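Each remark here refers to the structure printed beneath this line.
Nothing in this text is a laboratory measurement; each read-out follows from the coordinates by a stated rule. Treat the numbers as computed from the prediction; the structure is a model and nothing was measured. Reconstructed Cβ throughout: ideal geometry from the backbone, glycine too, with neighbour counts over all protein chains shown.
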Amino acid sequence: MKGRLWLSVLAAALIIAGGYAALFIAPDERTMHQLQRVFYVHVPIWAAMFSALTIAFIADIGWLWTRKLHWDWLAVSAVEVGVVSCTAGLATGMLWGRPAWGIWWTWDAKLTSAFVLWLLYVSYLLLRGLLEDPQRRATLSAVFGIFAFLDAPLVYSANRLFRTQHPAPVIFGGPNSKLDPTMAKALVLCIIAFVAMMAVILRDRVRLERMRHELEELREESEMQTAAAEVPVRGESK
Amino acid sequence: MTAARAATILLRKELRLEFRRRELLTTTIVFGLIVVVLFSFALNPTPEESRRYGPGLLWIAFLFAGSLMLNPSFAREQANDTLDALRMAPISSFAVLLGKMAANFVFLALAEVILVPAFAVLYNVSLARVAGRLILVLALGTGGIVIAGTVFSAISAHARMRELLLPLLLLPVLAPLLIAAVEATALLLTPEPSFGGSWLTILIAFDVVFFTASWLLADFLTEE
């Protein structure tokens with residue numbers, strides 16, 4: 001419990017520091033001015049999503065390998081956090097796209113890939129909802145999760161061959177794409193803050209999944225006890 | 001027994017079962033034809049537009065037909081309680097998967113043998129001069145649909161609402177395959193047909209990645 005408190009305090013402090021750096025310290029952008037500042041939220045959200053989905057992939061393998069249920073709890077929690085981040089990433093992208101490009105949406109490589117990724121992991125969550133047996137649900141959804149994760153690079157490279165409209169990467173994007181050093185520092189701080197926040201949420205979500213599992217076990221136990229107790233009572237009343 | 005031999009026996013069993021009643025093939029082909037006809041009602045394309053949108057239409061028809069056709073692959077075993085027999089057989093679970101994939105490939109390929117010429121005639125597209133290259137693109141694309149589809153058919157067979165679930169799982173995963181197959185086919189239908197090397201690379205990558213994954217994960221799909 002103490003770990004949770006410290007992690008939350010740390011994430012909150014990082015978010016405040018990151019927000020301050022992004023809004024007041026980072027310099028104004030030449031062409032987009034204040035609008036560019038959505039970048040300090042948009043990019044960290046995708047970083048959080050990629051970390052969450054990578055954790056989910058590792059957890060899928062962990063479950064298939066060890067058969068320890070906590071891997072399955074981690075997998076479903078990480079996918080849920082990933083889907084929420086993906087939704088937020090798409091939303092912040094649209095908020096920026098409207099004033100910058102004049103349109104909410106375009107079928108560009110990165111946008112389309114993100115959308116397909118969103119669909120893949122929403123399907124994962126739907127699949128879990130339609131499988132009854134917990135062991136089988138964990139196994140089959142892990143197999144699907146692995147397929148979905150392997151699909152992501154293929155989706156991106158297929159879309160990449162279409163014309164792309166999204167701003168080119170400024171961080172690892174070749175010789176001419178230099179990010180102002182202050183901007184880069186603010187961005188790194190924001191990325192750390194969002195990944196920390198993702199970790200806090202993920203931790204709580206796993207805890208919730210464990211409690212659900214325990215509740216389910218207790219319920220089954222009590223059902224069995226009442227069923228056992230009911231038999232002689234019925235016999236007496238006749 | 002080697003996996004290849006077990007898979008061949010399973011393939012023969014699947015083919016015998018299907019050719020006794022031909023339910024799967026007839027429904028798939030008729031469904032594909034309906035999509036091809038509805039397309040002309042929905043968009044009323046000129047011959048020029050047919051060449052442009054035709055490949056997309058054709059692959060959408062294959063994807064939808066495939067996602068319907070692949071459903072019984074494992075659901076039928078589930079309904080007849082024969083999945084346990086397959087599990088108990090002294091063969092690897094990958095052999096079961098491989099046999100099913102081969103059978104589904106044959107079924108979808110047979111449907112395409114009818115659908116592609118029908119499409120060519122109805123939309124006035126000449127395919128004869130690119131036949132060899134088109135067959136390669138069709139084989140790679142069909143392979144991808146069948147590899148992922150057979151695995152997901154084994155997954156959805158255990159779920160509620162499995163008929164609805166399979167397309168939901170399969171179609172987003174097939175998105176890169178659809179893009180690459182459509183673009184590779186479109187390049188073959190232009191006045192000067194060319195071979196889309198990078199699109200073929202994506203198709204091959206898709207097939208190899210998912211075939212390897214299903215080989216590694218086969219045991220988990222059939223376990224009790």
Taking alpha-carbon centroids only, segment A:107-154 lies from segment B:91-133 a number of Å equal to 27
Treating only Lys and Arg (+1) and Asp and Glu (-1) as charged, each at its beta carbon, one finds that the protein assembly as shown has a dipole about its Cα centre, in Debye to the nearest 20, of 560
With Rh as the Kirkwood radius over Cα pairs, chain B has Rg/Rh of 0.99
A convex hull over the alpha carbons of chain A yields, per residue, a volume in Å³ of 176
Percent of all Cα-Cα pairs per 5 Å bin for segment B:19-149, counting from 0 up to the last occupied bin, reads 2, 10, 19, 20, 17, 13, 8, 5, 4, 2, 1, 0
Rounded to 0.05, the calculated FRET efficiency for the beta carbons of A:LEU10 and A:LEU215 at R₀ = 41 Å is 0.85
Magnitude of the Cβ-charge dipole (Lys and Arg +1, Asp and Glu -1) of segment B:129-218 about the Cα centre, nearest 20 debye, reported as 160
In Å, the Kirkwood hydrodynamic radius from C-alpha pairs for the protein assembly as shown sits at 24.9
Per DSSP, the loop-located trypsin sites (Lys or Arg not before Pro) within segment B:19-63 having at most 15 other beta carbons within 10 Å are B:ARG22
Taking only the alpha-carbon atoms of segment A:18-65, the convex hull volume per residue, in cubic angstrom, is 69
Karplus-derived 3J(HN,Hα) from phi for segment A:92-107 (6.51 cos²θ - 1.76 cosθ + 1.60, θ = phi - 60°), whole Hz, x at Gly and Pro, runs 5, x, 5, 4, 7, x, 4, x, 7, 9, x, 9, 6, 9, 9, 8
Here P(r) for segment B:128-224, Cα-Cα distances in 10 Å bins, as whole percents, is 16, 40, 27, 13, 3, 0
Rounded to one decimal in nm, the spacing of the 7 Å Cα→Cβ label points at B:LEU15 and B:MET88 is 2.8
For segment A:205-215, Karplus-derived ³J(HN,Hα) couplings (6.51, -1.76, 1.60; θ = phi - 60°; whole Hz; x for glycine and proline) come out as 5, 5, 4, 4, 5, 5, 5, 4, 4, 5, 4
Rounded to the nearest 10, the angle in degrees between the Cα long axis of helix B:162-173 and the longest principal axis of the Cα atoms of chain B comes to 60
Rounded to the nearest 10 degrees, the helix B:93-122 long axis (Cα) sits at an angle to the longest Cα principal axis of chain B of 20
Measuring from the longest principal axis of the C-alpha atoms of chain B, the long axis of helix B:23-43 (C-alpha) lies at a number of degrees, nearest 10, equal to 30
Sparse-neighbourhood loop hits (GluC sites (Glu not before Pro), segment B:47-81; DSSP loop; Cβ within 10 Å at most 11 others) -> none
From DSSP H assignment alone, runs of 4+ in the protein assembly as shown each adding -39500 (n - 2.57), the sum over residues rounded to the nearest 500 puts [θ] at 222 nm at -28500 deg cm²/dmol
